[in-house]
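Enquirer: I have a structure here, written as C-alpha cells, and I will follow up with some questions on it.
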Amino acid sequence: MMKANLPRLMRPRSVAVIGASENAARIGGRPIRYLLDAGFEGPIYPVNPNYQTVQGLTSYASLRDVPGPVDMAIIALPAVPAMAAIRDCAAKQVGGAVLFSADFAEAGAEGRARQDELSQILREAGIALLGPNCLGAFNVAHRFYASFSAIFESGFPQGGDAGIISQSGGFGSHLAKIALQRGVKVGQWLTTGNEAGIDVGMGIEWLASQPDIRIIMAYAEGVHARETLVDGLEAARRAGKPVLFMKSGTSAVGAAAAQTHTAAMSGSDAVFSGMLEQYGAVRIPHTEAMVDAAYLLQRAPRPRGNRVGLISISGAVGVQMADTAAQCGLEVPPLPDAAQAALKAINPYAATRNPVDVTAQAFNNLDLVRDNLDVVLRQEGLDALVAFFTVTAGSKSIAPKLSQILSPLPRQYPDKPMVLCIVADPETVARYEAAGFAVFEDQYRAVSALGVMARLRPAPASALPMPDFAAAAAALRRHDGTEFSGKAVLAALGINVPKGGVASDSGRAVGIALEAGLPVAVKIHSATILHKSDVGGVALNLATPDAVAAAASGMLDRFGGAVLVEKMAPKAAEVILGFQHDAELGPIAMIGIGGVQAEIYQDVACRLAPVSAAEALRALHSLRGRRIFEGFRGLPAADLPALATMIERLSLFFAAHAAEIDSLEINPVRVLAPGQGAIACDAVLLRR
C-alpha cells in the first residue's frame, strides 16, 4: 500500500502543510513559499489554528477541516503533535506525507516506541511517508517541492534524468546542490530519514519506474529491509538504469555514528559491496566521484568495454592517466602499428604507443588535433577516449575554433565516450559540451568517472531452480555438530565429500583407511573443537597403515572420543565457501581463495544468498587470486562450472533453511580438473 501511494506523494494534486508558518524562512513556511514560487498547480492548504491566512492562502485549524481531498501532507511539527497529525492523515485518507520532525528512533527508547507506533499507523493506512527526521522531496516536472532545504533559495533545478534518493536529508541536500553546480541535471529527489515508511530500496524502485529518470544516485548509512533494497536494485537492473550507490559506516567509528544519526545499524561492508555488484550497481566512495560519474553518464554514451585511449600534451600526465586507469579497472592497450604510424605522420614529435603524447606541437594546426583524436577513435580495440589539453584548449584564442573543428567526432563515433580535460571559464566549457564532449578539469577525476561507467555493465538475470531438499533437511535435523555429521548433510545435497568414517580405536581407523583408499587424513571427531589444526588435531597424507594407526592412537590418547578418517583429495586449487547471516542483509555467501592461509589473504567475494551459478562464476572471476584456477605451479586448471553449481546448491539450501542454520563453512573445497568436479574436504556446520 505504501509503494502504491508513491505517485500521490511524488506527483500530488493537492498538498496540505501542517504546522504552516507565515514566516517563509521557518521550517513550516519554506515549503509553502517554494510551492508558490515554483508554480505548483494544485491547491495548497496551510494548517495552523493560530492563523486565518498563511502567505496569502486560507489557513485551516486542522487537517480534518480542509474541504477537499488531500493527496499529500507536509508535517512541520514536533514529534508529539506530529503523531496526532499522522492520525488525521490516516482519517482523511491522505496518500503520502513528509515528516520533518526529529525525536523518533534516533533519540532513544521513547523515540523508538514512538516510531514503532508511527510505522503501525502507516502500514494500516497505506501512507507513503518520507521520514521522520528527513528533508522531504522534490519533483521538478511536477513543480513540487516538499522541503525546507535552503538549496532552492538560489533558484529551482531545471529538471533532468538523474534521480537522488538519500537516507540523510542533510547529505541528500548537499549532494543535490553539488550535483547541480557540476551540471548534473536532477529531476527528482527523495530523502527517507529514519524510514518509518518509505526506505531507500523503495525509493530506488520508484525512480527505476519513472520514464523521465535514467540515472539513480543513492546514499545510505544502513539497511532496514533487505527485501525492499533487493527489489529496488532488481527493478533498476531490469530497467537498465545505472545505480550509483554511496554507503557510509564502513569504519568502526562511522558505523557507531550511523546508529545515532538515522537509527541505522551498519552491517558488513564487504557484503554490501558484493550485493551491489550482484545486482549491477556500482559502489561510489565519495561525493565528488558520485557527481562526476552522474555527469559523465549524462554527457556520454556507455562504453562497450573497458579499453581506453589516452591522449595528452604532457607525457607526465599521460603516465598519470595510465596509472589511474589501471587502478580503476580500465585497460590501456598499445595502439596497432598502423595507427602509430598514422600518428607519427601527423606529428613526428608524438609518442604514439598509448598513452599518446601529442606534445604542444599539435596545436600549431588545430585540424591536426582533430586528426590525432580521429586516429585513436577509429581503433576497434578501444572503447573510450580521454584527452588532456589543459589550459591550451581552454584559451579564448583557441577554444572557439577548436570546439567547432572537433564537433563532428561525437557524431562520427556515437558509441564511444569522449572526455576532454581542459581548464577554462564556464562559457568555454559549455561550448565543448555543446559539441558533444564531457569536460573535466582534473585528469584523475575524468579517468575515474570513466572507470565507474565501464563497471556499469548490467549483471545478467539468472533464474534459480527449486530443488528438492527433503533428504538434506532430514540430515540437518540429525546433525550433531561434528564434521562427519555436517558432511552427511552435504552428501544429501549432492555435494562430493571424501570417503571415510568414524573410528573409536586405531584398528578400526586402519580398516576405514584401507576401505577408503590410502593416503588418508585423520582428524579429531568432535562437536566442540571447530578448528582442529589449531590444536594438533589433523594429520594429512598418511600413506601407510602404520602411519594411520600412530596418528589415530595419538589423537585418541590426547582427546579421547573418536577420530574421523577420510581419503585425501587430489591436489588442486583450494576455495573457501562460507554461508552466514549478515546483521543487515540476512543470508549471505562468501566465496574466496581457501586453505589454511584464507584468513591472511582475505581474498573473498560476498553475495546475497541464494546465488545463481552464473553469479557465482562472476564472483570467482572477481577474486585477486583467480589465476590459481587457470592451472598454477603444477595444479590442474579448475572445474569452475562444477564449483559454481556447488555454490548455487549450497546457497539455495542455506537460504531455505536460514532459520535452522547459523553458519556453514567449507574450507578447503578442492576444485579438480575440468569435468572432475569439486570436493568439500572440511566442513563446519552450526545450527541456530
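Enquirer: Looking at the range 377-385, can you tell me whether even one residue there is within 17 Å of Pro417 (Cβ to Cβ), touching a strand residue (DSSP E or B) at 6+ places or on another chain (Cβ under 9 Å), of a type in the set (Gly, Ala, Ser) and surrounded by 23 or more Cβ atoms within 10 Å (Cβ to Cβ)?
Expert: So far as the range 377-385 goes, yes, one or more of its residues are within 17 Å of Pro417 (Cβ to Cβ), touching a strand residue (DSSP E or B) at 6+ places or on another chain (Cβ under 9 Å), of a type in the set (Gly, Ala, Ser) and surrounded by 23 or more Cβ atoms within 10 Å (Cβ to Cβ).
Enquirer: Identify the residue in the range 646-667 that is surrounded by fewer than 18 Cβ atoms within 10 Å (Cβ to Cβ) and hydrophobic (A, V, I, L, M, F, W, C) and, among all such residues, is nearest to Pro467 (Cα to Cα).
Expert: Ala658
Enquirer: Please go through the range 573-611 and give me each residue that is part of a loop (DSSP other than H, G, I, E, B) and either under 17 Å from Val271 (Cβ atoms) or not small (Gly, Ala, Ser) (or both), ordered by number.
Expert: Within the range 573-611, Ala583, Glu584, Leu585, Val596, Gln597, Gln602, Asp603, Ala609, Pro610, Val611 qualify.
Enquirer: Continuing with the same structure: Any residue in the range 359-371 that is of a type in the set (D, E, K, R) and touching a residue at least 60 places away in the same chain (Cβ under 8 Å)?
Expert: Checked the range 359-371: no residue is of a type in the set (D, E, K, R) and touching a residue at least 60 places away in the same chain (Cβ under 8 Å).
Enquirer: Could you please let me know if Gly159 is farther than 14 Å from Tyr34 by Cα and assigned to a helix (DSSP H, G or I)?
Expert: Values: farther than 14 Å from Tyr34 by Cα: yes; assigned to a helix (DSSP H, G or I): no.
Here the answer is no, as Gly159 does not meet what is asked.
Enquirer: Could you tell me which residue of the range 552-572 is nearest to the chain's Cα centre (by Cα), considering only residues that are touching a residue at least 40 places away in the same chain (Cβ under 8 Å), buried (at least 18 other Cβ atoms within 10 Å of the Cβ) and outside any strand (DSSP E or B)?
Expert: Ala572
Enquirer: For residues in the range 336-362 being hydrophobic (A, V, I, L, M, F, W, C) and under 19 Å from Phe389 (Cβ atoms), which is surrounded by the most Cβ atoms within 10 Å (Cβ to Cβ)?
Expert: Taking the range 336-362 first, the residues hydrophobic (A, V, I, L, M, F, W, C) are 338-339, 341-343, 345-346, 350-351, 356, 358, 360, 362.
Going one step further and asking which of them are under 19 Å from Phe389 (Cβ atoms), we end up with 343, 346, 350-351, 356, 358, 360, 362.
Values: Leu343: 24, Ile346: 19, Ala350: 20, Ala351: 17, Val356: 26, Val358: 28, Ala360: 12, Ala362: 24.
Looking at the filtered set, the residue picked out is Val358.
Enquirer: Looking only at residues in the range 381-401 that are aliphatic (A, V, I, L, M) and out of contact with any Lys or Arg (no Cβ under 8 Å at 6 or more places or on another chain), which one is farthest from Met453 (Cα to Cα)?
Expert: Per the criteria, the residue is Ile398.
Enquirer: Select from the range 221-244 the residues that are modelled with pLDDT under 95, among the aliphatic types (A, V, I, L, M) and surrounded by 21 or more Cβ atoms within 10 Å (Cβ to Cβ) and list them in ascending order.
Expert: Val223
Enquirer: While we're looking at this one, here's another question. Scan the range 111-122 and tell me whether some residue there is crowded, with 24+ Cβ neighbours inside 10 Å, among the β-branched types (Val, Ile, Thr) and either touching a Gly at 6+ places or on another chain (Cβ under 8 Å) or closer than 19 Å to Lys3 by Cβ (or both).
Expert: no
Enquirer: Here is a follow-up. Looking at Val671, is it under 13 Å from Gln580 (Cβ atoms), touching a strand residue (DSSP E or B) at 6+ places or on another chain (Cβ under 9 Å) and among the β-branched types (Val, Ile, Thr)? Steps first, answer last, please.
Expert: Working: under 13 Å from Gln580 (Cβ atoms): no; touching a strand residue (DSSP E or B) at 6+ places or on another chain (Cβ under 9 Å): yes; among the β-branched types (Val, Ile, Thr): yes.
It is false that Val671 is under 13 Å from Gln580 (Cβ atoms), touching a strand residue (DSSP E or B) at 6+ places or on another chain (Cβ under 9 Å) and among the β-branched types (Val, Ile, Thr).
The values are calculated or read from the model by the stated rules, or taken from the named source; none is laboratory data. Computed from a predicted model, the values in this text were never measured in an experiment. A quick note on method: Cβ atoms are made from the backbone with ideal geometry, for glycine too, and the neighbour counts reach across all protein chains shown.
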